[in-house]
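Below you'll find the structure, written out as structure tokens, and then a few comments.
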Amino acid sequence: MTGKPASDGPAKRLFIKTYGCQMNVYDSERMADVLRPLGYGVTDRPEDADLVVLNTCHIRERAAEKVYSELGRIKEMRQARTEAGGGRMGVVVAGCVAQAEGEEIMRRAPVVDLVVGPQAYHKLPELIARAARQTGERLAADFAPEDKFDALPERKASGVTAFLTVQEGCDKFCTFCVVPYTRGGEYSRPAEAIVEEARRLADQGVREVTLLGQNVNAYAGEGGLAGLVRRLARIEGLSRIRYTTSHPRDMDEALIRAHAEVEELMPYLHLPVQSGSDRILRAMNRDHTVASYLKLVERIRAARPDVAMSGDFIVGFPGESEKDFEDTLQLVRTVEHAAAFSFKYSRRPGTPASAMPGQVEEKVKEERLARLQAVLVEQQTGFNAAQVGKTLPVLFERKGRHDGQVVGRSPYLQGVHAHGPERLIGQIVPVKITGSSLNSLTGELAMVNA
Ligand code: 5AD
Ligand code: SF4
């Protein structure tokens, strides 16, 4: 979270550090929203903050350790501030680490005033007030998600793109994953509430929404995700719709048809497959096979031939042999990814895989990850290079680092830098792509209508 308080601005300063997934980025924005009426404005300088929030992520190893070392730094900042005669700095740990080890955090890090789980953000003002009154009160509150969504205040859009949570939690229980334990079961917000929020965002100038959910394509509200996408596409001003993250087993025919028929639905799909070995997929409890996944990708590409595929991969899952790993490489070669995230398997206490035999040595994991990433980097670089010479519609989002530069995104989620006037921000304009790298594209405005 960045952004400085205006000079005549809020009386109190809030610093939020966000770890992990888009869901957390969204939650951090909502925490800033609930604290705004209390006079908190966001600062990007923790040392100046009256309130520091660490919005943590638990999905991979050492997350908790990172939080503790950050808390060590915060403790020093708080001391320096007190010695300099500044006001008291409140410290809150939020997010999935909070959920998973609330008590432990309070025990190990006395600097922390409050621990709050992902379902209790709407209660933050009350919890903070209580913690301030009686320092030492420790709460790891957890409330039903329905309460959370109903109780959050109206959104304020802060740009031309916005995240919109439509679903939370997960019932899939992949054997490596903590999400079903930390975020709870699947819950879908009612379609009506989502459409209403999207309308308000569009009224404030948002042109693109990314629908968020741990299992977004399992959205169980009226009409399913496909129905929701079609309703959102009809909202005036909303030109682009994306969604993430999806599970292959919830990718239904209606959603695939939406990719063929709904112009606003962007041709980019994050569809994690995790492994290219059926044996490993079974041990992961993924409920799909390599063949069923490949068939699915084929159907999606038949519906929308230019769709850019993205995914997540885990190497070194317990029992993964060299042959299993090579099967993953093979799958990556077959599918061709425009982007991907890849991870070494990390042992999460309490998950079934952490107790499985055949844990893979760290050195082997590292070596496999490097080999996999080499292929993925090559594919991503190639995908970006293939855009050179084409003219793509780019939604400009912000000024670039250099003077006279604007930055936006292609339909395929690639960052695009171009020279052009600031008034292009919020507009979708054709850009001729002239250069590419691993992470972004450069281009020239195809038409400058001054
Ligand atoms: N070890 C490594 N990667 C993991 N992920 C989730 N849990 C683990 C774990 N224990 C990865 C998966 C998931 C992504 C969000 O994080 O690939 O799709
Ligand atoms: Fe975790 Fe699997 Fe659920 Fe994704 S689908 S959140 S990897 S349990």
Expected unfolding gain across ALA193-GLU362 under the 0.36 nm per residue rule, minus the alpha-carbon gap, is 56.2 nm
Per DSSP loop assignment and a cutoff of at most 15 other beta carbons within 10 Å, the chain keeps its longest run without exposed chymotrypsin sites (Phe, Trp or Tyr not before Pro) at 174-450
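Starting from the Cα gyration tensor of region 311-374, take the square roots of the eigenvalues, sort them a ≥ b ≥ c, and report rounded, prolate or oblate (rounded when a/c is under 1.5, otherwise prolate if a/b is larger than b/c, else oblate). It would help to have the intermediate numbers written out before the result.
Details: a/c = 2.03, a/b = 1.70, b/c = 1.19.
Verdict is prolate for region 311-374.
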Sorted largest first, the Cα spans of region 277-424 on the principal axes come out in Å as 59, 35, 26
Quick shape check on region 19-99: root eigenvalues a ≥ b ≥ c of the Cα gyration tensor, a/c under 1.5 is rounded, otherwise prolate if a/b tops b/c, else oblate, and it reads oblate
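With the Cα gyration tensor of region 341-392 giving a ≥ b ≥ c as the square roots of its eigenvalues, does the rule (a/c under 1.5 for rounded; else a/b larger than b/c for prolate; else oblate) give rounded, prolate or oblate?
Details: a/c = 6.21, a/b = 2.69, b/c = 2.30.
Prolate.
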With SER321 itself left out, Lys, Arg at +1 and Asp, Glu at -1 over residues whose Cβ is under 10 Å from its Cβ give -3
Computed over the Cα atoms of the chain, the Rg and Dmax in Å are 22.6, 66
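Pairs LYS66/LYS344; LYS295/LYS344; LYS295/LYS390: which exceed 21 Å Cα-Cα? Kindly include the intermediate steps, with their values, before the conclusion.
Details: LYS66/LYS344 17 Å; LYS295/LYS344 27 Å; LYS295/LYS390 29 Å.
Violating the 21 Å limit, Cα to Cα: LYS295/LYS344; LYS295/LYS390.
Within the chain, what's the longest run with no trypsin sites (Lys or Arg not before Pro) in a DSSP loop and at most 11 other beta-carbon atoms within 10 Å? Give the range, please. All intermediate terms of the calculation are to be shown ahead of the outcome.
Working: sites that count: ARG62, ARG234, ARG401.
Looking at the chain, 63-233 is the longest stretch - no exposed trypsin sites (Lys or Arg not before Pro) with at most 11 other Cβ atoms within 10 Å.
Within region 350-414, list the GluC sites (Glu not before Pro) lying in a DSSP loop whose Cβ has at most 10 other Cβ atoms in a 10 Å radius. Don't skip to the answer; put the middle values down first.
Details: sites: GLU361, GLU362, GLU366, GLU367, GLU378, GLU397; in loops: GLU361.
Sparse-neighbourhood loop GluC sites (Glu not before Pro): GLU361.
Excluding GLY72 itself, calculate the net charge of residues whose Cβ lies under 14 Å from the Cβ of GLY72, where each Lys or Arg counts +1 and each Asp or Glu counts -1. Could the numbers behind the result be given before it?
Details: positive: LYS17, LYS66, ARG73, LYS75, ARG78, ARG108; negative: GLU65, GLU70, GLU76.
Neighbour charge sum, excluding GLY72 itself: +3.
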Distance in Å, no decimals, from the C-alpha centre of region 335-366 to the one of region 36-90 is 31
For the chain, cysteines with no other Cys Cβ under 4.7 Å from their own Cβ are listed as CYS21, CYS57, CYS96, CYS170
In debye to the nearest 20, the charge dipole size for the chain, taken about the Cα centre with +1 at each Lys and Arg Cβ and -1 at each Asp and Glu Cβ, equals 580
Rounded to whole Å, √(5λ) for the Cα gyration tensor eigenvalues of region 186-259, largest first, gives 20, 13, 11
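Give, rounded to the nearest 20 debye, the magnitude of the charge dipole that region 342-387 has about its Cα centre when Lys and Arg contribute +1 at Cβ and Asp and Glu contribute -1 at Cβ. Before the final figure, lay out each step's value.
On the way: 7 positive and 5 negative charges, 36 e Å.
For this selection, approximately 180 debye.
A short reminder: the numbers here are calculations on the coordinates, not readings from a lab. It should be emphasised that the depicted structure is a prediction, and the values quoted were computed from it without experimental measurement. No Cβ is skipped: glycine too gets one built from the backbone with ideal geometry, and neighbour counts run over all protein chains shown.
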